[in-house]
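Presented below is the structure to which this report refers.
The values are calculated or read from the model by the stated rules, or taken from the named source; none is laboratory data. Nothing here was measured: the structure is a model prediction, and the numbers come from that model. Using ideal geometry, Cβ is built from the backbone for each residue, glycine included, and neighbour counts are taken over all protein chains shown.
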Amino acid sequence: MVETADHILICQSSLAITYRETLLTSFLSDLEKSGTGTDELLLYIFSAKLSTLFQITIPTTYQSHPINDPMIIQIMVAAVNHQNILGRENFLKGYVSHSWHLLQEAHQNMDSQSLKAWEQSLTTLAITHYKSLWDDRNKSIHGNTRLEAKQKLPDQVL
């Protein structure tokens, strides 16, 4: 199997699945603990959407509460739809819908400086964790050193 950007998101190797589960749990935890705090609704949405993208199931403590405010529902639907247009996999590459901050703002009543810090934190964490996923797969496939890489090469390549 060729290691592509799409493949590393869904690789069915038990090591890859375990790593994606750990990575997603870490991403959500880091986002929750970020200095600006992330609304539980967003954590729930990110958990659900990224679990689907990664083809994994993780235990989550984030709850989806009934939403009675039509404005919040409209913002949430717009954010999910816009992210789908950008690509869910592109979320991890830093192509984060600007609509997420509207949902965060509606729930957290943040000032513009805090909201900007939250957006930067979200994007940075997404990119950092995506790079970690690539690094892990590269080490798994190619090894940590040149000697390991040579040992992992198939016989026909040598």
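Sort out for me the helices (runs of 4 or more DSSP H) sitting completely within the range 65-158 that have 2 or more residues that are modelled with pLDDT under 85.
Of the helices (runs of 4 or more DSSP H) lying wholly inside the range 65-158, those with at least 2 residues that are modelled with pLDDT under 85 span 99-108, 112-142, 146-152.
Look through 56, 8, 17 and report the one residue that is part of a loop (DSSP other than H, G, I, E, B), of a type in the set (A, V, I, L, M, F, W, C) and under 22 Å from residue 137 (Cα atoms).
56
Counting just the residues of the range 42-64 that are modelled with pLDDT under 90 and either among the aromatic types (Phe, Trp, Tyr) or surrounded by 14 or more Cβ atoms within 10 Å (Cβ to Cβ) (or both), which one comes out farthest from residue 104 (Cα to Cα)?
Looking at residues that are modelled with pLDDT under 90 and either among the aromatic types (Phe, Trp, Tyr) or surrounded by 14 or more Cβ atoms within 10 Å (Cβ to Cβ) (or both), I get 58.
One line per residue, one yes/no per condition, for (1) within 15 Å of residue 101 (Cβ to Cβ); (2) touching a residue at least 40 places away in the same chain (Cβ under 8 Å); (3) of a type outside the set (Ser, Thr, Tyr):
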position: 47; (1), (2), (3): no, no, no
position: 55; (1), (2), (3): no, yes, yes
position: 63; (1), (2), (3): no, no, yes
position: 69; (1), (2), (3): no, no, yes
position: 77; (1), (2), (3): no, no, yes
